[in-house]
1. Take the conditions at pLDDT below 95 and of a type outside the set (Lys, Arg) and apply them to Ala214. Does it pass?
2. Take Leu90 and tell me if it is in a strand (DSSP E or B), buried (at least 19 other Cβ atoms within 10 Å of the Cβ) and not acidic (Asp, Glu).
3. Within region 142-156, does at least one residue satisfy the condition of being assigned to a strand (DSSP E or B) and closer than 18 Å to Tyr426 by Cβ?
4. Determine if region 102-112 includes at least one residue that is buried (at least 17 other Cβ atoms within 10 Å of the Cβ), out of contact with any Gly (no Cβ under 9 Å at 6 or more places or on another chain), assigned to a helix (DSSP H, G or I) and not polar (S, T, N, Q).
5. Inspect region 81-89 for any residue being within 21 Å of Trp67 (Cα to Cα) and at pLDDT 90 or above and give the result as yes or no.
6. Please report, ordered by residue number, the helices (runs of 4 or more DSSP H) entirely within region 227-312 with at least 2 residues that are under 30 Å from Glu124 (Cβ atoms) and either within 27 Å of the chain's Cα centre (by Cα) or not aliphatic (A, V, I, L, M) (or both).
7. Return the residue satisfying two criteria in turn: it lies in region 340-350 and is surrounded by 23 or more Cβ atoms within 10 Å (Cβ to Cβ) and either of a type in the set (A, V, I, L, M, F, W, C) or at pLDDT below 90 (or both), and of such residues it is nearest to Arg224 (Cα to Cα).
8. Looking at Gly206, Gly220 in this structure, which one is modelled with pLDDT under 95 and at positive phi?
Amino acid sequence: MEELRLHLRWQREQLRLWRRGAPPPRFLVLRPGDKYTVCSSPPGHDDLRAHCYRHRGAVPAAPPAHWDESILSSRPRLTRPIPGLGNIALSLVSAAVAAVVSRRVLLVEKAAGLAAALGPPLDELLLETSGWAEAVAEAQRRGLALDGFAAHDDISAMEGLCADDLRLRPTARVWRIFSNQYFLPLLLLNPHHARQVERMALAAAGGKRAARRADASAAGGQVRLWGPALRTLLRPSEAVQRSLSAFLDEQTAGQPMVSMHVRAQLTGDANKLAAAAACARSRLRANNASLLFLATMHEQTRHALAAALPEVKVLWFGRAIGAQGSSRRATISAVSDLWLMGAAKEVMVTPGSTFGYVAHAISGGRATLYGGTHTSHDLIGATSDNDCREVPTSEAAFHFLKHARSRFESCRAGHRNASMRTTDLYRLSSVIH
């Protein structure tokens, strides 16, 4: 994605100039995660879902302290969790586009574990390895940092994302956004930046000619931002890529493959298992394929689906990790499953799955939605275990879009003006799936 690549080049030049004595630029620092979620996991515990809860006590107001430091100061031995890879990817792409339109250096903090499986340009985005840690810490000490929240439990930053000229506001040198959401669609409601974001999508789809014309027809009717941006920012490391290429060569020999993500255990519900197998069988038949790649944390589910599809060769990669973890092995496993899913002709995903959004973006092809949701129907909509239907958009879903519109007038005004846009990007970006 050319505009992102140019922005990263600009960031490298800014780092070179700062090291030679120039004043530091402004920063947009993404802190993946919610505002109030804390964990009391014992040392070495490797399940991000266990021992975590919403902080209920008083949090001392201690600017210019980092919010993480403030919330952890109330009790000893608390930690702050890092979301799963899917949620990090959603917020990273959103922050990247916000950094481009605001002309800020993009950084990601407290996610250094991603370096175990992902290669460039991630190393220059991680605060700890970017070369910018000293400059950000100095701004924090001098009170030149502002925390904003676009998360499950605090959406207050969404008002400014809909309304402000982000080249001018906020004025803080370091703008830190705590998020695990795909808040990018809010920039399409922003009167200062909507057309620039649309041009980025047009250029990604049809090159410079489409962007200059701001015309979806010049892009062949395919206006996408989520997938091109994600494929620019997150790439497997060379070692992981070699391992995945060897797996595909050995297991598929170039034959067509369908991939399937199973989030929940299927072994305790015969109806769910039968519905999932029936949908997989129909999508394999539609793609003239007999290979099914399965991505799941549950070892028993692997074998149960393989038994339910005896006529199909069911593949999986490595050992099932059993929990959403923060270890090096868990990160490599998640990245491997995502990119192997993306190598398929079609991906099968469950409603509301951020992991599924990433797999769909990597594949760039058709995705089929199957099964019921694990999350609130208020956010996803009504679903059925027997669902087996095409995902209507290649853009990821922002589940809190309607909440932002209902709470903030600036977001409602942007939504009213969205019908005047020259592309379908906002419509495609506001489909809940």
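1. Numbers: at pLDDT below 95: yes; of a type outside the set (Lys, Arg): yes.
Yes, satisfied.
2. Numbers: in a strand (DSSP E or B): no; buried (at least 19 other Cβ atoms within 10 Å of the Cβ): yes; not acidic (Asp, Glu): yes.
Judged against the criteria, Leu90 is not a match.
3. So in region 142-156, the residues assigned to a strand (DSSP E or B) come out as 145-150.
Adding the requirement that they be closer than 18 Å to Tyr426 by Cβ leaves 150.
So far as region 142-156 goes, yes, one or more of its residues are assigned to a strand (DSSP E or B) and closer than 18 Å to Tyr426 by Cβ.
4. First, pick out the residues of region 102-112 that are buried (at least 17 other Cβ atoms within 10 Å of the Cβ): 102, 104-111.
Add one more test, that the residue is out of contact with any Gly (no Cβ under 9 Å at 6 or more places or on another chain), and what stays is 102, 104-109, 111.
Next, from what is left, pick out any that are assigned to a helix (DSSP H, G or I): 102.
Now drop any that are not not polar (S, T, N, Q), which leaves none.
No, region 102-112 contains no residue that is buried (at least 17 other Cβ atoms within 10 Å of the Cβ), out of contact with any Gly (no Cβ under 9 Å at 6 or more places or on another chain), assigned to a helix (DSSP H, G or I) and not polar (S, T, N, Q).
5. Step one: filter region 81-89 for residues within 21 Å of Trp67 (Cα to Cα), giving 81-84, 87-88.
The next check asks that each one be at pLDDT 90 or above; those that pass are 87-88.
Within region 81-89, one or more residues are within 21 Å of Trp67 (Cα to Cα) and at pLDDT 90 or above.
6. On the way: elements: 238-251, 270-286, 299-308.
In region 227-312, 238-251 are the helices (runs of 4 or more DSSP H) which contain 2 or more residues that are under 30 Å from Glu124 (Cβ atoms) and either within 27 Å of the chain's Cα centre (by Cα) or not aliphatic (A, V, I, L, M) (or both).
7. Applying the first criterion (surrounded by 23 or more Cβ atoms within 10 Å (Cβ to Cβ)) to region 340-350 yields 340-341, 344, 347-350.
Right, trim to either of a type in the set (A, V, I, L, M, F, W, C) or at pLDDT below 90 (or both) and you get 340-341, 344, 347-349.
Details: Leu340: 21, Met341: 20, Ala344: 19, Val347: 18, Met348: 20, Val349: 19 Å.
For region 340-350, the residue satisfying everything is Val347.
8. Values: Gly206 fails: at positive phi.
Just a single option satisfies the conditions, and that option is Gly220.
The values are calculated or read from the model by the stated rules, or taken from the named source; none is laboratory data. These figures come from a predicted structure and were not determined experimentally. Methodologically, a virtual Cβ is constructed for each residue, glycine included, from the backbone with ideal geometry; neighbour enumeration extends over all protein chains shown.
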